[in-house]
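The values are calculated or read from the model by the stated rules, or taken from the named source; none is laboratory data. Predicted model only: the values in this text are computed from it and were never measured. Cβ placement follows ideal geometry from the backbone for every residue including glycine, while neighbour counts extend to all protein chains displayed. Note: accessible area is taken over every heavy atom of the protein model, side chains too, but ligands, DNA and RNA are not part of it. Shrake-Rupley method; radii C 1.70, N 1.55, O 1.52, S 1.80 Å.
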Amino acid sequence: MGSAASLELVKRGWSVIMACRNPEKGEGVRQNIIRAVPDADITLRKLNLESCRSVRSFVESIKSDDLRIDALFNNAGVISRGFSRTEDGFENTLAVNYIGPYLLTTELLPVLSERAGIVNMVSLTCKYGNVGKDLFDRTDFKRLKTYSDTKLALLLFSIELSRRCPSLNVNVSDPGIVDSNMISMGKWFDPLADILFRPFCSTPEKGVAPALRALESGTSLHYYVGKGDKPIPSRYLEHPLLEWLWDETAMKLK
């Protein structure tokens with residue numbers, strides 16, 4: 001979806017910075033985009049959301065070049081196959097899906113333009129997620145449950161970000177089930193599932209379309225899915241741990 005988003009944005013005349021974990025793979029994508037849109041203004045910088053050091057290095061590169069950011073699309077996500085910790089000591093799924101985007105966004109705040117659009121990619125699984133005060137300490141890893149919890153954390157962060165930074169347009173987007181490597185479970189039944197279910201998945205282009213509408217919408221605290229959008233439901237807006245989650249994450253990252 002990142003590739004699809006980058007291509008569509010340069011078609012619309014945006015200058016795009018691709019933030020990629022794998023620069024070699026990303027450069028191949030960038031070259032394909034340039035072939036499709038020869039006058040595209042698109043660059044690539046390394047960013048690994050598993051690593052706080054990488055996130056801070058990326059942000060410093062933006063600041064050192066004196067760039068202003070008009071839109072931020074936090075698209076990266078992972079469904080980890082097992083429990084593991086990053087170099088910073090965080091569970092891997094939590095690091096990529098929530099902590100990395102939190103750190104990236106908050107560190108970029110000084111270079112975001114007024115009314116900058118921020119879109120965080122969440123998931124329909126948010127409704128099954130649970131965020132409690134044990135979020136950072138859990139070791140009872142369950143692949144899909146952990147994923148849904150981290151996506152809910154990202155949604156709650158989006159709400160608190162909008163409240164603390166009201167000059168920004170902060171929204172979330174749900175791509176649905178998209179035909180990508182992310183939905184592979186690493187199990188013996190993957191080939192059968194590919195035959196039975198992949199034909200019914202959305203293309204990356206369709207999956208990213210709601211997020212692109214959100215980036216350019218001028219709205220805030222809306223949930224974009226399919227061809228529509230709606231205000232983020234009150235059950236999330238009234239979550240009792242909104243402030244705690246922000247403050248606790250900040251403390252963990254000191």
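Without any contact (Cβ under 8 Å) to a residue 60 or more places away in the chain and either among the aliphatic types (A, V, I, L, M) or surrounded by fewer than 20 Cβ atoms within 10 Å (Cβ to Cβ) (or both): does that describe Lys133? So Lys133 fails the test. Selection of region 133-175 for residues being in a helix (DSSP H, G or I), over 12 Å from Val122 (Cα atoms) and among the aliphatic types (A, V, I, L, M) yields Leu144, Ile159, Leu161. Has region 157-177 got any residue that is farther than 20 Å from Pro233 by Cβ, acidic (Asp, Glu) and out of contact with any Ser or Thr (no Cβ under 8 Å at 6 or more places or on another chain)? No, the conditions are met nowhere in region 157-177. If you go through region 66-95 and pick out every residue that is within 13 Å of Lys142 (Cα to Cα) and of a type outside the set (A, V, I, L, M), you end up with 8. Taken as a whole, region 194-216 holds no residue that is small (Gly, Ala, Ser), more than 16 Å from Pro175 (Cβ to Cβ), at pLDDT below 95 and not in a helix (DSSP H, G or I). Being within 14 Å of the chain's Cα centre (by Cα), open to solvent by 10 Å² or more (accessible area, probe 1.4 Å), in contact (Cβ under 8 Å) with a residue 12 or more places away in the chain and within 24 Å of Lys63 (Cβ to Cβ), is that true of even one residue in region 147-166? Looking for residues that are within 14 Å of the chain's Cα centre (by Cα), open to solvent by 10 Å² or more (accessible area, probe 1.4 Å), in contact (Cβ under 8 Å) with a residue 12 or more places away in the chain and within 24 Å of Lys63 (Cβ to Cβ), one finds none in region 147-166, hence no.
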